[in-house]
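What follows is a set of notes on a single structure, which appears directly below.
Here, each number is a calculation from the coordinates, and none is a lab measurement. Here the structure is a predicted model, which is why all the values come from computation and not from measurement. Here the Cβ is made from the backbone with ideal geometry for all residues, glycine too, and neighbour counts use every protein chain on show.
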Amino acid sequence: MITKKIGRIEFTLLSPKEIREMSATKVITADTYDDDGFPINMGLMDTHLGVIEPGLRCKTCGLRAGKDGCPGHFGHIDLAMPVVHVGFVKYIRNCLRATCRECGRILLSDERLEFYKKEIERFEKEGRSIAPLVKDIVKECENVSKCPRCKRENGKIDLDKPTTFRENGKKLTPSEIREWLEKIPDEDLKFLNINPKVARPEWMVLTVLPVPPVTVRPSVTLESGERSEDDLTHKLVDVIRINQRLQENRDAGAPQLIVEDLWELLQYHVTTYLDNQTSGIPPARHRSGRPLKTLAQRLKGKEGRFRSNLSGKRVNFSARTVISPDPNLSINEVGVPIEVARELTVPVRVTPYNIEWLREMIKRGPNPKPPEGVKYIPGVNYIIRDPKTLKQRRIKITEKNAADVAERLEVGMIVERQLMDGDIVLFNRQPSLHRMSMMAHKVRVLPYKTFRLNLSVCPPYNADFDGDEMNLHVVQSEEARAEAEILMKVQEHILSPRFGGPIIGGIHDHISGCFLLTYKDKKFPIQEATHILSAINYRGKLPNIIEENGKKYILGKDIFSVLLPKDLSIEYKAKSCFNCEVCTAPNCPHDAYVIIEKGVLKKGVIDEKGIGAFKGLILDKIIREHGVDYGREFIDKVTKLGITAINICGFTVGIDDEDIPPEARRQIEEGLEKAKKKINSLIKAYNKGELEALPGRSLEETLEMEIMRVTGRARDMAGEIASRYLGLDNSAVIMAKSGARGSMLNLSQMSGCVGQQAVRGERINRGYRGRTLPHFKKGDLGAEAKGFVSSSYKKGLTPTEYFFHSMGGREGLVDTAVRTSRSGYMQRRLINALEDIKIEEDCTVRDPEGNVIQFVYGEDGVDPAKSIAGKPIYIDKIIEKVESS
Amino acid sequence: MAKRKTKKNEVKKKDKETKKEKKVATPKKDKKMLLEEKILKILDKHKKSLPYSIVEDIVNIAMEKKLENKLEKLVLAAIEEYENNCIEPAEACGIVAAQSIGEPGTQMTMRTFHYAGVAEINVTLGLPRLIEIVDARSVPSTPMMNIYLEGAYRVDPDLAEKVANNIEMTKLIDISDMEIDLTNLTITIKPNEKMMKRKDIKIEEILDHIKKIRKIKGELQDDGTIKITLDEPGYKNLLNASEALKNLKIKGIDGIERVIIRKEPNEGYVIYSEGSNFEEVLKVEGVDPYRTTTNDIQSVYRTLGIEAARNMIITEAYNTLMEQGLNVDLRHIMLVADIMTTDGTVRAIGRHGVSGEKTSVLSRAAFEITVNHLLRAGVRGEVDTLKGVAENIIVGQPVNLGTGSVKLVMSVPNFKKK
């Protein structure tokens, strides 16, 4: 619970007065520690500025170092001569250009000022930025040579990047600039986009430099006992040293030239202290040659304070390890290794109702030995005796004190109990591209050292098991647990808000299994059928038993029907539909027209379009009609059914699966030969100038396009012939047809012909002058010379083919690498632009300022996650409802 | 402006007219209208409302399944279903939209060029195109237009060709050969009769255009060639003149580099163009300004206004995603388009647009150009009111979205210690 809330944050400039007032001490010595290793007074590590070593007390507030101790205090350095603040150079330039050096007023007549005042008011009323107006004002002032008030001739102000100003070519010292800026009256500042209530332009020329507390720049003691200071401290040492020299020289009346040189050096050090990447000056470097990380660098960029520490924070109660599959878990469960479960804790408040249970648990200690037959029981790691103050009250439970602490357990304490089965945890895989990348699972504590998850939740996480790691977070409060359970559980995310369809469903073997189970009138001997049914814990009546030759069989379709709710009716074309010209719908020869009537699969085969992730229509309908919990159970069961079925049927792919009969091989070769001839004749026509150019294309382009077309067709032809000899007795074909994995293209490349390799969408045309490889003649435009691979993967590629194939492959790799970074940045921008938008109580869509973005969300107010693939209502359901009433 | 308005009015008039005609023509439509009215009456009776798309659906399904007499039940069931499916207040629809568009980005192709629809024209597709749309680029990397024709131009290939000639930019070099005579410092232009005839250009037109170039004179010779003489002879001037002549625009519209005429089923002749100049093409006679499209969002904004630009962003983004086989709900894209266009201009998603104009200092600082935003905030005395998401995360407070926006607290009775 939040006790204090930050209402707003105001940003202002620090005035020299404020800097001195908040300063705990003046810093004058450049040294940090004396010979005994104690901080020097009025040095950069003065204990007035806070302490970092444990045990020491701060001289300003008297608190110790550490988390809840002294936060650190600012000090200050009095600069001998003023210097310009690099960050505000742009504002200073505007001020100098727009005002008179004599009287400090803006170089515009009263009428013009009045006009601009009105404009500014208008802009502010419209909520627009006044930056363009300021630009206009400054531009107008630049063209005024004579001050309309005091008639002074003002010169042209130039800015020598980064910090030197010149008037008519004459250098302005920071002191002069400061004097000038002091003259500008408050009323005129708003024309320069400066708010006089919080900022005066002369403050942008520093006379005193705040020194951040030591807690901001802690020094590290190395193993050798040597101290290593923070970059900021190094830089501040430079500033103080030069400042001192400057002061001494000035006071001693040194020549102007020397003073000016030192002044400029001071300017350089202050500039790099603020921003070490200022263009135009060399960055200050560490002894080792590494550029120093000064103030601006600390805040900026991906590793800067804002993005790395403020927008993203490190958390406790989290774990990370490799993931591996476990089909025996439900989709909303996660297998947690015992080691992890012992380390992660859930806080439990002691109440009269659970005190005995907790006492028992504490007695077991942090590493209890489970009773016979049980693999794991939770113990307790800590108890918090006084939850209100939280300080120093955390008691670690050990084998020794367990019994003792258990005795002293009282109502109101908090027990940090180890993870146990049924706890709600958040599970996440990076990159977290959508909200399904972080879902709530129920814990199942399991042996071994990986997180286990059901295969069906791989698509939303985009996970595989080639070494992927995932994170797990234990939610710590009752509110968080409730939210996680209601909003984040896996079943709440089966339907994706991206397109209003299921994103969790069967994958790979689940689909192949269901395909094998339900294809045509596949039947299983009763023993096998009962085995399959036992996998889903089926307790009902056995489906129809068919007797044939005295043996009992059960139809695969009937086995599948067991899973379907009794009121489910649906008709659709399966993934394996051939898109025949004349669709015979219910009598499809490929069994690709699915009819489910009242929970019975009458016709059709179950494949990707029925139960697959992203596409599963049956899944979609079940969730819409029976809710997400039923949907979860359905997915659990359907996947188990699929796996058992595929286990019984057997499923294997080997090299000889890609074998095609010699006559097919011959046909393909003939086809490829024909294609090559065609290409040669095209080239001949081109060489003779007989080729007709396509409109708006040059001859070369036309030729390339024609050849690409021929090679494409040649590959298709090879695939077509190959697939004629690869039937559904081939496991790879089953996978491709059912949508489990792979495609017919992959198959035809394995057994038919790999096809044309392309780089940047064109045939390969790079390499040597006039040819791709020295194996070919110069100017050879033929198929082989430009990357056509006529071999199949099974047959093996020739050396040149192999080379071209690698070229195409490499392009793909580069493409993926580029794509991830580009799309990542696009998504970051999108998120940043849209993150604050929410639906208000009146169903309008607004930004946090209350500006209406949409009056009705999405023009119909429908939640895309609840929509039916984008449609606002499920019209079939309504019809059913009305018809049945 | 005035011109545009009248045009728009015309559209409306035309639409109305056609609608009326159709009403009279088909009694089936009439029946639909009747049903629709009935539904609206039922809705009025129950003081509810439904989006028009649902009403339409009900009408269609009622007619198909002959459920006219159960209309009220149907409507009530639809209302219930609709209200169930409505989005809930406090939903972070912005983030969901951003994720829904960003996430499929990883699955898109990077290949800039792809052959779409018309094989002859290159169009940027996939991720680069999507980035282009959210960037609100002033000119797309591959501008193109689909120019539809009206009336007789649609059916007559000659007329269509004529329109195409008026649109496609023709340079002098395209229709003639040029010879530079270095000894006499003259240039001879030999017009290609065949090309000129095809492009429907007369020699006088060429002369007219040549006249417009300063410091040279063009004279028509007897053999049909044009002789160019310089006012101030010199090699450099000759070179400059030849360059100017090569790129001399004789006919067509700036920016339209290539056109292709194709006959589409149920449509007639359509002109596809590489390069885009929406403003000018709409003025060409024979072009149907109501259906002609471009992929240049900014030019649509300039000519047709912000609403058109919004629709354009939606269709372009949706088609880009669909073409890649990625299914994204239209509502997400609408939200992005609406964010980009709420203030009446097309703003980019990024630091120069939507993100840069946020009121919160911390949110801007956390996005990009951190230091400058902080310094500016100091000078201007900006105040961060911590209403958005990023600010509250930075400060360590619950975010004002979803369950975080609910301000309800339950008091729990204290347990008495035993």
In whole Hz, the Karplus estimates of ³J(HN,Hα) for the range B:201-206 (6.51, -1.76, 1.60; θ = phi - 60°; x where Gly or Pro) are 10, 9, 4, 4, 4, 4
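Could you calculate, for the range B:262-323, the ratio of the Cα radius of gyration to the Kirkwood radius, expressed as Rg to Rh?
Rg divided by Rh gives 0.98.
Length gain on complete extension for the stretch B:ASP288 to B:MET63, per 0.36 nm per residue less the alpha carbon to alpha carbon distance? The partial results should precede the final answer.
Details: separation 225, 0.36 × 225 = 81.00 nm, distance 3.53 nm.
77.5 nm is the gain from fully extending B:ASP288 to B:MET63.
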Contour minus Cα-Cα span, A:ASP36 to A:VAL818, at 0.36 nm per residue, comes to 276.0 nm
Quick P(r) readout (the range A:63-194; Cα-Cα; 5 Å bins; whole %) gives 2, 9, 18, 19, 16, 11, 8, 5, 5, 4, 3, 2, 0
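FRET efficiency for A:ASN579 and A:PHE651, Cβ-Cβ distance as r, R0 = 22 Å, nearest 0.05?
Once the sixth-power term is evaluated, E becomes 0.25.
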Checked against a 21 Å limit on the C-alpha separation, the offending pairs among A:LYS871/B:LYS65; B:LYS47/B:LYS407; A:LYS375/A:LYS449; A:LYS541/A:LYS737 are B:LYS47/B:LYS407; A:LYS541/A:LYS737
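Quick one: divide the alpha-carbon radius of gyration of the range A:657-814 by 2.2 N^0.38 Å and tell me what you get.
Values: Rg = 16.7 Å, N = 158, 2.2 N^0.38 = 15.1 Å.
Rounded to two decimals, the normalised Rg is 1.11.
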With chain B reduced to its Cα atoms and the Debye formula applied, log10 I(q)/I(0) at q = 0.08, 0.10, 0.11, 0.12 1/Å amounts to -0.72, -0.99, -1.10, -1.20
TM-like helix rule applied to chain A (DSSP H, alpha carbon span at least 24 Å on the long axis, mean Kyte-Doolittle at least 0.0) gives A:256-274, A:617-649
For B:LYS199, the aspartates and glutamates lying under 18 Å Cα to Cα, once residues fewer than eight places off in the same chain are dropped, come out as B:ASP156, B:ASP158, B:GLU161, B:GLU168, B:ASP174, B:ASP177, B:ASP208, B:ASP254, B:GLU257, B:GLU274, B:GLU285
Any aspartates and glutamates whose Cα falls less than 13 Å from that of A:LYS171, other than same-chain ones fewer than 8 residues away, would be A:ASP158, A:ASP160, A:GLU260, A:GLU264
Sorted by chain and number, the residues with a modelled amide H under 5 Å from that of A:VAL84, at a separation of 5 or more or across chains, are A:LEU206
Between the Cα axis of helix B:93-102 and the main Cα principal axis of chain B, the angle (0 to 90°, nearest 10) is 50 degrees
Taking only the Cα positions of the range A:219-311, the convex hull volume per residue in Å³ is 129 Å³
Phi-derived 3J(HN,Hα) across the range A:540-545 with the Karplus relation (6.51, -1.76, 1.60, θ = phi - 60°), rounded Hz, x for Gly and Pro, is x, 6, 6, x, 3, 9
If amide H atoms are modeled at 1.01 Å from N in the peptide plane, then the residues at a separation of 5 or more from A:LEU495, or on another chain, having amide H under 5 Å from its own are A:ILE503
Rounded to the nearest whole number, the Stokes-Einstein translational diffusion coefficient of chain A at 20 °C and 1.002 mPa s (Kirkwood radius, C-alpha pairs) in µm²/s is 60 µm²/s
Flagged as over-length at 26 Å C-alpha distance, from B:LYS171/B:LYS194; A:LYS139/A:LYS183; A:LYS26/A:LYS313; A:LYS139/B:LYS387, the pairs are A:LYS26/A:LYS313; A:LYS139/B:LYS387
Counted neighbours (other Cβ, 10 Å), sorted fewest up, put B:HIS46, A:HIS234 in the order B:HIS46, A:HIS234
Computed from the beta carbon distance with a Förster radius of 56 Å, FRET efficiency for A:GLU111 and B:GLN221 to the nearest 0.05 stands at 0.30
Rounded to the nearest 10, the angle in degrees between the Cα long axis of helix B:27-45 and the longest principal axis of the Cα atoms of chain B comes to 40 degrees
Per principal axis, largest first, the Cα atoms of the range A:838-884 extend in Å by 49, 19, 13
Taking the alpha-carbon centre of each part, the distance from the range B:121-158 to the range B:352-408 in Å is 38 Å
For A:LYS400, the aspartates and glutamates lying under 17 Å Cα to Cα, once residues fewer than eight places off in the same chain are dropped, come out as A:GLU360
With Rh as the Kirkwood radius over Cα pairs, the range A:318-499 has Rg/Rh of 1.01
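Helix-only mean residue ellipticity at 222 nm, chain B, DSSP H runs n ≥ 4 weighted -39,500 (n - 2.57), per residue, nearest 500. What is it?
Only helices count here, giving -15000 deg cm²/dmol.
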Surpassing 29 Å at the alpha-carbon level, of the pairs A:LYS522/A:LYS640; A:LYS369/A:LYS489; A:LYS489/A:LYS520, are A:LYS369/A:LYS489; A:LYS489/A:LYS520
Going residue by residue through the range A:433-442, the Karplus relation 6.51 cos²θ - 1.76 cosθ + 1.60 with θ = phi - 60° gives ³J(HN,Hα) values, rounded to whole Hz and with x marking Gly or Pro, of 7, 9, 5, 6, 7, 9, 10, 8, 10, 9
Residue span B:GLN397 to B:LEU182: 0.36 nm per residue of separation minus Cα-Cα distance leaves a gain in nm of 69.5 nm
Listed by chain and number, the residues whose amide H is under 5 Å from that of B:LYS171, excluding neighbours fewer than 5 places away on the same chain and using placed H, are B:ILE250
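Based on the alpha carbons, how large is the Rg to Rh ratio for the range B:170-251 when Rh follows Kirkwood?
Working: Rg = 11.8 Å, Rh = 12.6 Å.
Expressed as Rg/Rh, it is 0.94.
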Rounded to a whole number, the mean other protein chain Cβ count within 10 angstrom for residues of B:126-138 is 2
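On average, how much area does the Cα convex hull of the range B:358-405 cover when viewed from any direction, in nm²?
The Cα convex hull of the range B:358-405, projected and averaged over all directions, gives 3.3 nm².
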One finds, for A:LEU159 and B:MET322 with R0 = 56 angstrom and r their Cβ-Cβ distance, a FRET efficiency to the nearest 0.05 of 0.65
Candidates B:ILE61, B:ILE333, B:ILE349; GNM for chain B (alpha-carbon contacts under 10 Å) flags as most fluctuating B:ILE61
